[in-house]
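Step one of this worksheet: look at the structure below.
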Amino acid sequence: MERAEALAGIRVVDLSWIVAGPQCTRILADFGAEVIRVEYGQTLDSIRMTPPVVEGKGGATVSGLFNNLNRNKLSVTVNVMHPRGMELLRRLISVSDVVVENYSSRVLERWGLGYEEQCRLRPDIIYLSLSGFGHSGRCRDYTTWGPTAQALSGLTFMSGLPGHEPAGWGFSYMDHTAGFYGCMAILMALHHRNRTGQGQYIDLSQVEAGIVVTGPSILDYTVNGRPYRRPGDPPGNRSIHPSVAPHGAYRCRGEDRWCAISVFSEEEWRALCRVMGDPAWAQAPEFATNLERVRNQDGLDSHIEEWTLQHAPEEAMSLLQQAGVPAGVVQTAQDKVDHDPQLRFRGFLPEAEHPEIGAYKVEGVPLQMSRSPWRLKGASPVLGSANSYVFGELLGLADAEIGELAAQGAI
């Protein structure tokens, strides 16, 4: 079967940084778009050196997160504060299809590169601006980060353990979610341009993208008047399933190791008891029926955890599954990378070969297209490694002029 890159021929000027914008442009690059990251050594994207890092390596290419989000891309260095550097950026936009940035609202306007000006450079340009609150309304000028957007959207409030204050997520989910929305918007804009010849401006609010994720809780409050934080919510490691028990994640032998167990029938309950050696406590009246087990979940979970703590999670899962009890290891990142046969079979964690740090695994794309699949063509870019190609071949500058620009601090 003949295969082709879905976005071959699309050129993206990537002015983004940290996570949200790079997540968006990563997907475009994975499916064949030529994504050119515009960077500058004096104002380096901080995520280039953000942990986790490759041990024993220095420089601006040590971050695992950066390397994952920026594979398949090119890097040029441009000092947009230098007049000749800004002129190079304007010329690059004029020969590109898409511009992506996730700065605070109005940054590109201050650069003299708002949407109207971009249209003068390239009439059918597609411009995605991915900011915290969007470019309209009273909050447009506030600066936000992914965790800030999570808090403002309500997601942080929904995190943590029962009876404790909100803990936050410990990971910038909203940056990634906003990146996915941004990619989807660009694909729709490209489809629109293919039909009409018209580009467009995409104003994406990261906070609003987060509120979408809180939808069920907003609906519950709107319809039933129930706040999210109430007895039993958030559920912590116990399932929110209201009608069956046991149903949760249980600590196992080892550091922070867990096994999830779900019992939906009396047959499964009896099988669980057999695997645990038919302990005397399981015969107590408070555990005699599912209804009683639901009413007495605290005591039930403590007893089950006495058994799971004697076993590694893989062992507990195997014993329970063989007996017909639904159970599964709560996998760590290391489990997924080193021991997951399903991910290995689907090639979800391929290796990229980087000239400075060697081979490293990257996250794949969780879909496989029969005619236009994603491809891993290269590792994340060394800072400025595409200067000769972009400034020379693409923009037509002679080597001497490129050298002069470098000497002037424009690139």
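The values are calculated or read from the model by the stated rules, or taken from the named source; none is laboratory data. Only a predicted model underlies this, so the values are computations on that prediction, with no experimental measurement involved. FYI the Cβ positions are ideal-geometry reconstructions off the backbone, even for glycines, and counts take in every protein chain you see.
Only residues that are within 40 Å of the chain's Cα centre (by Cα), more than 17 Å from Gln321 (Cβ to Cβ) and touching a residue at least 12 places away in the same chain (Cβ under 8 Å) were counted in region 267-291, giving 1. Among the residues in region 47-65, are any within 17 Å of Ser385 (Cβ to Cβ), assigned by TED's automatic domain parsing to the domain that holds Met188, more than 20 Å from the chain's Cα centre (by Cα) and of a type in the set (A, V, I, L, M)? The answer is yes; a qualifying residue exists. Number of residues in region 1-35 that are assigned to a loop (DSSP other than H, G, I, E, B) and of a type in the set (Asp, Glu): the value is 2.
A single member of Glu255, Glu315, Glu305 is over 28 Å from Glu165 (Cα atoms) and either at pLDDT 95 or above or not in a helix (DSSP H, G or I) (or both), and it is Glu315.
Here the condition is being under 30 Å from Pro166 (Cα atoms) and either assigned to a loop (DSSP other than H, G, I, E, B) or among the hydrophobic types (A, V, I, L, M, F, W, C) (or both); of Leu320, Leu272, Leu300, it holds for Leu300 alone. Quick one: what pairs do we get from region 387-411, first residue without any contact (Cβ under 8 Å) to a residue 12 or more places away in the chain and over 18 Å from Asp14 (Cα atoms), second assigned to a helix (DSSP H, G or I) and aliphatic (A, V, I, L, M), C-beta under 8 Å, 6+ apart or different chains? Listed by first residue and then by second, the contacts come to Gly392/Ile402; Leu397/Leu405. Within region 297-313, residues that are closer than 19 Å to Glu255 by Cβ sit with their Cβ atoms under 7 Å from residues that are in a helix (DSSP H, G or I), at 6+ positions apart or across chains, in these pairs: Thr308/Ala316. If Gly199 satisfies every condition in (1) touching an Asp or Glu at 6+ places or on another chain (Cβ under 6 Å); (2) more than 22 Å from Thr25 (Cβ to Cβ) but one, which is the exception? The one condition Gly199 does not meet is (2). A search for C-beta distances below 8 Å between a residue of region 92-115 that is without any contact (Cβ under 8 Å) to a residue 12 or more places away in the chain and any residue that is in a strand (DSSP E or B), counting only pairs 6+ apart in sequence or on different chains, returns Val107/Glu101. Farther than 30 Å from Leu121 by Cα and within 18 Å of the chain's Cα centre (by Cα) - does that describe any residue in region 177-187? Yes, some residue in region 177-187 is farther than 30 Å from Leu121 by Cα and within 18 Å of the chain's Cα centre (by Cα). Of everything in region 367-384 that is farther than 16 Å from Arg26 by Cα and buried (at least 16 other Cβ atoms within 10 Å of the Cβ), the residue that is nearest to the chain's Cα centre (by Cα) is Leu383. I'd like to know if region 232-252 contains one or more residues that are among the aromatic types (Phe, Trp, Tyr), closer than 30 Å to Trp307 by Cβ and either at pLDDT 90 or above or touching a helix residue (DSSP H, G or I) at 6+ places or on another chain (Cβ under 6 Å) (or both). Looking for residues that are among the aromatic types (Phe, Trp, Tyr), closer than 30 Å to Trp307 by Cβ and either at pLDDT 90 or above or touching a helix residue (DSSP H, G or I) at 6+ places or on another chain (Cβ under 6 Å) (or both), one finds at least one in region 232-252, hence yes. Restricted to region 134-166, and to residues there that are among the small types (Gly, Ala, Ser) and within 20 Å of Ile202 (Cβ to Cβ), the residue that is surrounded by the most Cβ atoms within 10 Å (Cβ to Cβ) is Ala149. If you check every pair at least six apart or on different chains, which have Cβ atoms under 7 Å apart with a residue in region 343-365 that is surrounded by 12 or more Cβ atoms within 10 Å (Cβ to Cβ) first and a residue that is of a type in the set (Phe, Trp, Tyr) second? Taking only residues 6 or more apart or on different chains, the pairs are Glu351/Tyr360; Ala352/Tyr360; His354/Tyr360; Gly364/Phe348; Val365/Trp374. Across region 192-217, what is the number of residues that are among the aliphatic types (A, V, I, L, M), free of Cβ contacts under 8 Å to residues at least 60 places away in the same chain and surrounded by 14 or more Cβ atoms within 10 Å (Cβ to Cβ)? The qualifying residues number 1.
Of the residues making up region 174-187, one or more are at pLDDT 95 or above and hydroxyl-bearing (Ser, Thr, Tyr).
Within the set Gly384, Gly328, the sole residue that is at positive phi and not basic (Lys, Arg) turns out to be Gly384. For region 210-251, a residue qualifies if it is among the aliphatic types (A, V, I, L, M) and either farther than 30 Å from Ala312 by Cβ or under 24 Å from the mean Cα position of the chain (by Cα) (or both), and the qualifying residues are Ile211, Val212, Val213, Ile218, Leu219, Val223.
Among the residues of region 52-105, which ones are part of a helix (DSSP H, G or I), closer than 30 Å to Glu117 by Cα and not aliphatic (A, V, I, L, M)? Listed by number, the residues that qualify are Pro83, Arg84, Gly85, Glu87, Arg90, Arg91, Ser94. In this structure, His247 does not qualify as touching a residue at least 12 places away in the same chain (Cβ under 8 Å) and either over 25 Å from Pro162 (Cβ atoms) or surrounded by fewer than 17 Cβ atoms within 10 Å (Cβ to Cβ) (or both).
Of all residues in region 106-132, those that are part of a helix (DSSP H, G or I) and of a type outside the set (Phe, Trp, Tyr) total 10.
Residue count for region 65-95 under the criterion of being among the small types (Gly, Ala, Ser) and surrounded by 22 or more Cβ atoms within 10 Å (Cβ to Cβ): the result is 1.
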